[in-house]
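Worksheet: the structure to be examined is printed underneath.
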Amino acid sequence: MSTPLQGVARAHEAARPQLGILLCLLSMLIFAAQDGITKVLVRDLPIMQLVMVRYWVFLLFAIAYCTYRGGVRNASRSRHPFLQIIRALLGVGDIVLFGIGLRYLGLAEMHALYAVFPLMTLGLAGLFLKEYIGLRRWLAAGVGFLGTVVILRPGTGVFELAALIPLISALGFAFFGVLTRRISQDDSFATNMLYMGVIGAIAVTVLGLPLWVTPTGTEWVLLGILSMTGVVAQLLLLQALRYATASTLQPFNYSLLLFATLIGLLVFGELPDNWTIIGACLVIAGGLYAAKVKS
């Protein structure tokens with residue numbers, strides 16, 4: 001699933017696209033494995049506790065990064081502090097909702113529905129940032145929406161209310177992406193990270209600490225892996241953007257759905273039905289086409 005750093009890095013000049021693609025695929029594999037670990041942990045631990053521990057680790061990383069990149073004081077200066085706070089809270093909400101969804105839905109179904117967020121971002125960017133969308137991108141969004149309907153199958157008796165959770169989470173992350181585009185015009189990547197870490201850690205600590213459940217030894221190990229691999233995956237993704245452009249990497253971001261499906265099948269015995277597979281293909285096709293066309 002998506003994490004706090006995703007969508008905020010700026011691509012560097014492409015130099016070794018094959019290496020960039022490999023790093024991107026590795027980061028997607030780690031993200032999928034993280035979701036598998038989360039699915040195990042949410043059975044006995046509050047989701048707010050899981051997010052809280054992750055944000056504590058993320059905050060340490062953000063402070064270290066800002067210190068390296070010119071100091072925490074410089075990074076704390078934002079042209080849009082209010083938008084930074086809203087964006088940070090959206091990031092927290094996205095992770096919390098996704099974790100809640102994993103209690104009720106399989107990994108493949110969660111990611112198939114969540115994969116519509118780039119198309120949501122497209123529409124919101126046109127609405128709030130006045131970006132030109134064009135007919136072909138709207139058609140791509142229509143295809144993605146059709147895929148979502150195929151997965152949900154409303155009115156057929158198989159629709160689950162829990163299926164709305166990844167869609168709400170995806171909408172929140174789409175708003176997160178639009179705010180990131182707006183804020184990043186004036187604020188640095190270090191500033192974005194610092195606000196994400198500080199505001200996010202405060203919010204989840206206030207809500208998560210009262211719900212604390214002492215983990216078992218195995219759960220502590222999984223919590224440690226979950227928190228550390230989150231930072232590793234983000235670093236891999238940022239490094240991938242140094243070797244390949246964002247447009248080059250975009251198609252490979254959908255490998256997250258493939259990895260999540262395989263983990264769901266091998267670890268949890270979850271086999272997505274034919275409708276979920278068909279719908280996911282439509283969502284991915286719409287997303288890839290939207291990323292490819294310019295108008």
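Some points to look at:
- Restricting attention to region 176-201, the residues that are surrounded by fewer than 21 Cβ atoms within 10 Å (Cβ to Cβ) and over 18 Å from S76 (Cβ atoms) total 3.
- Any hit, region 101-121, residues being among the acidic types (D, E), touching a Phe, Trp or Tyr at 6+ places or on another chain (Cβ under 7 Å) and buried (at least 17 other Cβ atoms within 10 Å of the Cβ): no
- The one condition from (1) in contact with a Lys or Arg (Cβ under 7 Å, 6 or more places away or on another chain); (2) more than 21 Å from H111 (Cα to Cα); (3) not in a loop (DSSP other than H, G, I, E, B) that E219 does not meet is (1).
- Among the residues of region 109-148, those identified as small (G, A, S), farther than 11 Å from P166 by Cβ and in a helix (DSSP H, G or I) are G123, A125, G126, A140, A141, G142, G144, G147.
Here is a yes/no grid of residues against (1) surrounded by 15 or more Cβ atoms within 10 Å (Cβ to Cβ); (2) not in a helix (DSSP H, G or I):
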residue: A203; (1), (2): yes, no
residue: G208; (1), (2): yes, no
residue: V213; (1), (2): no, yes
residue: G224; (1), (2): no, no
residue: A260; (1), (2): yes, no
residue: I284; (1), (2): yes, no
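- Cβ-Cβ distances below 7 Å connect the following pairs, each with a first residue in region 165-184 that is within 14 Å of Q84 (Cα to Cα), a second residue that is of a type in the set (K, R) and assigned to a helix (DSSP H, G or I), and a separation of six or more residues or different chains: F176/R87; L179/R87; T180/R87; I183/R87.
- Among residues of region 226-258, those that are at pLDDT below 85, surrounded by fewer than 21 Cβ atoms within 10 Å (Cβ to Cβ) and either touching a strand residue (DSSP E or B) at 6+ places or on another chain (Cβ under 6 Å) or not in a helix (DSSP H, G or I) (or both), counted: 1
- Qualifying helices (runs of 4 or more DSSP H) (wholly inside region 7-107; at least 2 residues being hydroxyl-bearing (S, T, Y) and within 22 Å of F259 (Cα to Cα)): 17-41
- Extreme residue, modelled with the lowest pLDDT, among residues of region 1-55 that are among the basic types (K, R) and over 14 Å from R103 (Cβ atoms): R10
- Residue identified as β-branched (V, I, T), more than 13 Å from the chain's Cα centre (by Cα) and either at pLDDT 90 or above or at positive phi (or both) among I95, I86, I133, I151: I86
The values are calculated or read from the model by the stated rules, or taken from the named source; none is laboratory data. Predicted model, so just to flag it, every value in this text is computed and none were measured. In this analysis, Cβ positions are derived from the backbone assuming ideal geometry, glycine residues included, and neighbour counts consider all displayed protein chains.
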